[in-house]
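All of the numbers you see were taken from the coordinates with simple rules; none came from a lab. The model shown is predicted, which means the values in this text are computed figures rather than measured ones. Virtual Cβ from ideal backbone geometry, glycine too; neighbours counted across all protein chains shown.
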Amino acid sequence: MSQAERRHVELVKESGCACCGAAGFVHAHEIEQGLWWTSIGLCPDCHTGPNGIHGDKTLWRIHKLNEIKALNETLRRVYG
C-alpha cells in the first residue's frame, strides 16, 4: 500500500459509516481486495455484523444501498 493510499484509508476510517451514518472510527471495507482507493467507511455492525455486508446484508437492504452508493457516500464525506 502506498503512502497516499494509507492516508486515504485513514480519512475513510474517520468518515463515519456510509451505510447507517454512525459517527466515529470505522472499518475500511474494500469493494475488491487490495483496491484501497475503493474503500468504504463502515461501522462494525454494517461491515462484519450478522446483518452487515459480510453477513445477510439486512442493514444494506434497509438503507437501500449497494457498494457503489456507499462508496459515493464515503467519498462525499471524505472529500466533499
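A few remarks follow.
- With contacts taken as Cα pairs under 8 Å at a separation of at least 6 residues, region 3-79 carries a relative contact order of 28 percent.
- Angle between the chain longest axis and helix 3-13 axis [Cα atoms, degrees, rounded to 10]: 30 degrees
- Principal axis analysis of the Cα atoms in the chain yields extents of 35, 24, 20 Å, listed in decreasing size.
- Modelled FRET efficiency - R0 25 Å, Asn72 with Ala23, Cβ distances, 0.05 increments: 0.85
- Label zone at Ile31, where the point sits 7 Å out along the Cα-to-Cβ direction: region 44-80 residues whose backbone N lies under 13 Å: 66-76
- Helix 67-79 and the longest principal axis of the Cα set of the chain meet at an angle near 50°.
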